[in-house]
1. Looking only at segment 9-30, count every residue that is in a loop (DSSP other than H, G, I, E, B) and surrounded by 10 or more Cβ atoms within 10 Å (Cβ to Cβ) and tell me the total.
2. Counting just the residues of segment 31-72 that are part of a loop (DSSP other than H, G, I, E, B) and closer than 24 Å to residue 2 by Cβ, which one comes out modelled with the lowest pLDDT?
3. Scan segment 124-146 for residues that are surrounded by 16 or more Cβ atoms within 10 Å (Cβ to Cβ) and either aliphatic (A, V, I, L, M) or in contact with a Pro (Cβ under 9 Å, 6 or more places away or on another chain) (or both) and jot them down.
4. Being exposed (fewer than 10 other Cβ atoms within 10 Å of the Cβ) and either of a type outside the set (Phe, Trp, Tyr) or within 15 Å of residue 75 (Cα to Cα) (or both) is the filter here, so list the residues in segment 160-174 that pass it.
5. Of these, 107, 98, which one is aromatic (Phe, Trp, Tyr), at pLDDT below 85, part of a helix (DSSP H, G or I) and under 30 Å from residue 54 (Cα atoms)?
6. So, residue 116, is that one at pLDDT 85 or above, in the same structural domain as residue 71 (by TED's automatic domain parsing), in a helix (DSSP H, G or I) and touching a Ser or Thr at 6+ places or on another chain (Cβ under 7 Å) or not?
7. Can you name the condition, by its number, that residue 184 falls short on among (1) among the β-branched types (Val, Ile, Thr); (2) surrounded by fewer than 12 Cβ atoms within 10 Å (Cβ to Cβ); (3) under 24 Å from the mean Cα position of the chain (by Cα)?
8. Evaluate the following for residue 88: is it of a type in the set (A, V, I, L, M, F, W, C), at pLDDT 90 or above and either closer than 19 Å to residue 2 by Cα or out of contact with any helix residue (DSSP H, G or I) (no Cβ under 9 Å at 6 or more places or on another chain) (or both)?
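The values are calculated or read from the model by the stated rules, or taken from the named source; none is laboratory data. Small disclaimer: the values here were computed from a predicted structure and weren't measured. Counting neighbours? That spans all protein chains shown, and the Cβs are built from the backbone with ideal geometry, glycine included.
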Amino acid sequence: MIPLVGTMVFFYSGKKLRNVGIWLIPVIGLPLLWPLYSVVVGQTDLWTYWVLWQTERDRPLSLSFANLFSIDPLLVTIGIAGVVFATIRKDFFPLLWFFPFLIFSYFIGWVQYFHLMLILPVFCISSAILLGSIQKFVAKYYQIFSYSIVGVIVVFGIVSTTMLITLDVNSDYFKIYAAVVEKIPDKGNQQDGKIH
């Protein structure tokens, strides 16, 4: 996120490098507190061991992307198409958000699917830009079809949200608990102080 936010600070502050420098002080200084603390308490070797252990675990970005695709294939597909569309249009906002994060995640070597949550907003933004451009293009020729694109998205959203809300994921657990409770002996079965 540093390239994205740094670029926004630079352009929205009137292209002043001084403001970017002031912004970089906490961005770089705060992460340096942990290694500085390890030096102060004399645990640099332990800090180095744990940092290297974190980066040597093997879970590639491609596997995490496949997991994210299996969770929500529509958002990932439209999001990637939107980022490609933004690249063609030379819209730098999604590019500065998406590509530095992917490069960083690729070189880390250990990425879980939930680490990719940072790119879900850029998927939503870029897919909205893509779908808006498609709707404007279709509206030039066929006005009725431009509204059908929005209608399809609304219907799909309502159906998928309803399916998620009505999904019963706890009934199996309740059945297991009921089976366990049925096997628990009660006082009526006791003879001579023993449970049979």
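1. Initially, segment 9-30 is screened for residues in a loop (DSSP other than H, G, I, E, B), giving 13-16, 30.
From what's left, surrounded by 10 or more Cβ atoms within 10 Å (Cβ to Cβ): 13, 16.
Selection size over segment 9-30: 2.
2. Step one: list which residues in segment 31-72 are part of a loop (DSSP other than H, G, I, E, B), which gives 31-32, 41-43, 57-58, 60, 72.
Pick out the ones that are also closer than 24 Å to residue 2 by Cβ and you get 31-32, 57, 60.
Details: 31: 89, 32: 91, 57: 71, 60: 81.
Residue satisfying both the conditions and the ranking: 57.
3. 125, 126, 129, 130, 131, 138
4. Residues satisfying the conditions are 163, 164, 165, 166, 167, 168, 169, 170, 171, 172.
5. Working: 98 fails: at pLDDT below 85.
The conditions single out 107.
6. When the stated conditions are applied, residue 116 passes them.
7. Among (1) among the β-branched types (Val, Ile, Thr); (2) surrounded by fewer than 12 Cβ atoms within 10 Å (Cβ to Cβ); (3) under 24 Å from the mean Cα position of the chain (by Cα), the lone unmet condition for residue 184 is (3).
8. yes
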